[in-house]
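Any read-out appearing in this document is the output of simple, stated calculations on the displayed coordinates, not a laboratory observation. None of the values given here were measured: they were computed from a predicted structure. Here the Cβ positions follow ideal geometry from the backbone for every residue, glycine too, while neighbour counts run over all protein chains shown.
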Amino acid sequence: MEQDIQRSLGKRVWLKSGGYLIIETTEALTSIDINTGRFVGKKTLEETILKTNLEAAEEIVIQLRLRNIGGIIIIDFIDMERESSKEQVYRFLESKLRDDKSKTTLLKISNLGLVEMTRKRTRESLQRYLTEACPNCDGQGFIKSRVAIAHQVLRNIRRELPQFTEDHLNVAVHPDIYRILMEYEKQNLVILEKQYQKGIRLKAEPTFHIEQIALKTETDINLRPSTLPRILPAKPQPLESSKDQEEVEDEAAYEADCRDIAQFQSEQNQSKKVPLPKPEDSISLEEASSKEIEAAEAQDEALETPVIRTEKEDIAVTDISSEEEEENR
């Protein structure tokens, strides 16, 4: 079942004999083309074609049911020369469609080998249920070639250059388109620079879609200069953008604040310092220590010196002591 679902999503359906079907669905109708592929047969070419058409008719009915294809259906069988072969293929297809629950209308094979039929659409097809439009090709099934896109870039540059007021035009493209422009269209770019007297700068943008082209001015996008020769001297650009200028101003204000803080700290330190004495009033350590030593020696001498009393003082002392003894008695 899983293999059948995968087969139902593809355009090519292989047959057992080696041939294949190509099923294309559009808004108006569905076309089915039959090809012999690797099948060559063993007898005549007519028999090989007949066998391939019969096998394709059986597989077509299976695919109509599996894919739930409705509306107008055009089947392009391989051209058959014999009328009997055409009638045999038609009868075989008609018999297989009788088992289909959806109402079908079948017309006979035309002279061009085409079979026109209609099938009632009961619900959405399997392809619409399981798939969605490709974001790269937008459901078209193809994209432009790389050479065609490179030429489109040149046309866009030729159309936009006269309208630009700046000296340089920045062009961002897919890396594959960038390589083609630099290898094969470099001379044409130089001619455009000389013709319009404006510089062209190319940039390879890996994130771009293969068909995406961006033409920007110098102020819109910051692109690296290409290796193309510059016909005109580059317009002098300011060294710093508005953002860089703001950063420089912030740094200058920060440095000014640092200087103010350092000056304030130095003033505070100077105010805390005690003024030093003048040279003439200062006393050396040796002089101070000698004076302390002299004072200590004088105090020691005073303690060791004996008290010398006179005769009068001794008599006074004895009289006092005798008086005390009498009072005690």
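Net charge within 15 Å of Val153 by Cβ-Cβ distance, Lys/Arg positive one each and Asp/Glu negative one each, not counting Val153 itself?
The answer is +3.
Less than 5 angstrom separates the built amide H of Leu169 from those of Gly199, Ile200, Arg201, all sequence-distant by 5 or more or on a different chain. Taking amide hydrogens as modeled 1.01 Å from N in the peptide plane, which residues meet the under 5 Å criterion relative to Leu21, leaving out close sequence neighbours? Those qualifying (amide H under 5 Å, at least 5 residues apart or on another chain) are Val13, Trp14, Leu15. Legend: residue pairs Lys16/Lys108; Lys144/Lys198; Lys11/Lys51; Lys16/Lys103; Lys51/Lys103, Cα-Cα distance threshold 24 Å; pairs beyond threshold, Lys16/Lys108; Lys144/Lys198; Lys16/Lys103; Lys51/Lys103.
Peptides 19-29, 48-58, 164-174 ranked from most to least packed give 48-58, 164-174, 19-29, packing being the mean of other C-beta atoms within 10 angstrom over each peptide's residues.
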